[in-house]
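Enquirer: What follows is a single structure, and I will ask about it in a moment.
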Amino acid sequence: MRTDPADPDHEWLDADAGPVVRPYTVTGGRVEPASGRFDLMAFVVADPPSDDGTQPPQPEQRAIIAMAQQPVAVADLAADLDLPVGVVRVLLGDMLTNGLISMYEPPASRQFPDDDILKAVVNGLRAL
C-alpha cells in the first residue's frame, strides 16, 4: 500500500521533504559512539572489503564506505550525508567496531605560541 504524501491524515510524510524520519532512529536511539571519539577533523578511511562480500546493513553506512575510499573528515561526511554530526559519529563507531573503517586523528597541537609573538600581535592590533 503506497501512501499519498498530500494526504493530511498521514503524519509521517511531507509533500516537500518526503518521508520524515528523526535522525536518532538511524542510530537506534543511541547518542554516543560505541568506540572512538571522532573529532570533527578526524579522518576516516574505508577498510578493504571483506572476503565474504557482505555490505553494512544501513544505507547511510554504505554511503560512508563509498565516500571514505579516500581519507575524508568526519565533518565532511556529516555535511555530505546531510545528517547531524552526532548521528554520523554513532554510525562511525559501529563501523569502527565492525572493522569497516579506520580512523586517523590529527595530531594535537600542544605547543603554544611564544609570548613575543602574542605581544607583537597585540601591538599590531593597537597600532590599527
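Enquirer: Go through LEU40, LEU77 for me and flag whichever is part of a loop (DSSP other than H, G, I, E, B), of a type outside the set (Ser, Thr, Tyr) and farther than 16 Å from GLY99 by Cβ. Steps first, answer last, please.
Expert: Working: LEU77 fails: part of a loop (DSSP other than H, G, I, E, B).
Exactly one residue qualifies, and that residue is LEU40.
Enquirer: Can you tell me which residues in the stretch 96-117 are outside any loop (DSSP other than H, G, I, E, B) and modelled with pLDDT of 85 or more?
Expert: At the first step, the residues of the stretch 96-117 found to be outside any loop (DSSP other than H, G, I, E, B) are 96-97, 101-104, 115-117.
Of everything in the stretch 96-117, those that are outside any loop (DSSP other than H, G, I, E, B) and modelled with pLDDT of 85 or more turn out to be LEU96, THR97, ILE101, SER102, MET103, TYR104, ASP116, ILE117.
Enquirer: Filtering the stretch 51-90 down to residues that are under 14 Å from THR27 (Cα atoms) and among the β-branched types (Val, Ile, Thr), which residue is most open to solvent (accessible area, probe 1.4 Å)?
Expert: That would be VAL85.
Enquirer: Additional query: Does THR27 satisfy the criteria of being open to solvent by 70 Å² or more (accessible area, probe 1.4 Å) and farther than 17 Å from MET103 by Cβ? Quick ask: steps written out before the conclusion?
Expert: Values: open to solvent by 70 Å² or more (accessible area, probe 1.4 Å): no; farther than 17 Å from MET103 by Cβ: yes.
Here the answer is no, as THR27 does not meet what is asked.
Enquirer: Tell me the residue from PRO19, PRO48 that is at pLDDT 80 or above and surrounded by fewer than 15 Cβ atoms within 10 Å (Cβ to Cβ), please.
Expert: Values: PRO19 fails: at pLDDT 80 or above.
That would be PRO48, the only listed residue that is at pLDDT 80 or above and surrounded by fewer than 15 Cβ atoms within 10 Å (Cβ to Cβ).
Enquirer: Which condition number in (1) in a helix (DSSP H, G or I); (2) at pLDDT below 85 is the one that GLY93 fails?
Expert: Going through (1) in a helix (DSSP H, G or I); (2) at pLDDT below 85 one by one, GLY93 breaks only (2).
The values are calculated or read from the model by the stated rules, or taken from the named source; none is laboratory data. Just so it is clear, the structure is predicted and the values come from calculations on it, not from any experiment. Note that each Cβ is placed from the backbone with ideal geometry, even for glycine, and that neighbours are counted across all protein chains shown. Just so you know, the surface numbers come from the protein's heavy atoms only, side chains and all, with ligands and any DNA or RNA stripped out. Shrake-Rupley method; radii C 1.70, N 1.55, O 1.52, S 1.80 Å.
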